[in-house]
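The values are calculated or read from the model by the stated rules, or taken from the named source; none is laboratory data. Quick caveat, the model's predicted, so the values are computed rather than measured. Here the Cβ positions follow ideal geometry from the backbone for every residue, glycine too, while neighbour counts run over all protein chains shown.
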Ligand code: FES
């Protein structure tokens, strides 16, 4: 995506692959995990995000067994991600 006032830092043509909820997901290198999950329609509980700057903690997912804010995580490829809520909060669609 491009346009006045916005420049994507995702590198076109450089794709990485993660394992999200036990299924592979390809996304552009340089894209935040939250953006990659949202673009793929696979954000799970992180779809309840609010700030996208690491403050609200509503995008928490598990990356390689550790809780992480998806909006502040820039995967390098090969990570295992779980999008289940980490705080017992019901998913936003329930
Ligand atoms: S969306 Fe607020 S911390 Fe990620």
**Prompt:** Based on what the data block shows, is residue 38 modelled with pLDDT of 95 or more and closer than 18 Å to residue 13 by Cα?
**Reply:** no
**Prompt:** Consider residue 26 against the criteria (1) surrounded by 12 or more Cβ atoms within 10 Å (Cβ to Cβ); (2) closer than 22 Å to residue 78 by Cβ: it satisfies all of them except one. Which criterion is unmet?
**Reply:** (1)
**Prompt:** Which members of segment 22-53 meet the condition of being away from the ligand (no atom under 16 Å from the Cβ) and touching a helix residue (DSSP H, G or I) at 6+ places or on another chain (Cβ under 7 Å)?
**Reply:** 25, 27
**Fill in**
Selection from segment 50-64 of residues buried (at least 20 other Cβ atoms within 10 Å of the Cβ) and farther than 12 Å from residue 33 by Cα yields 58
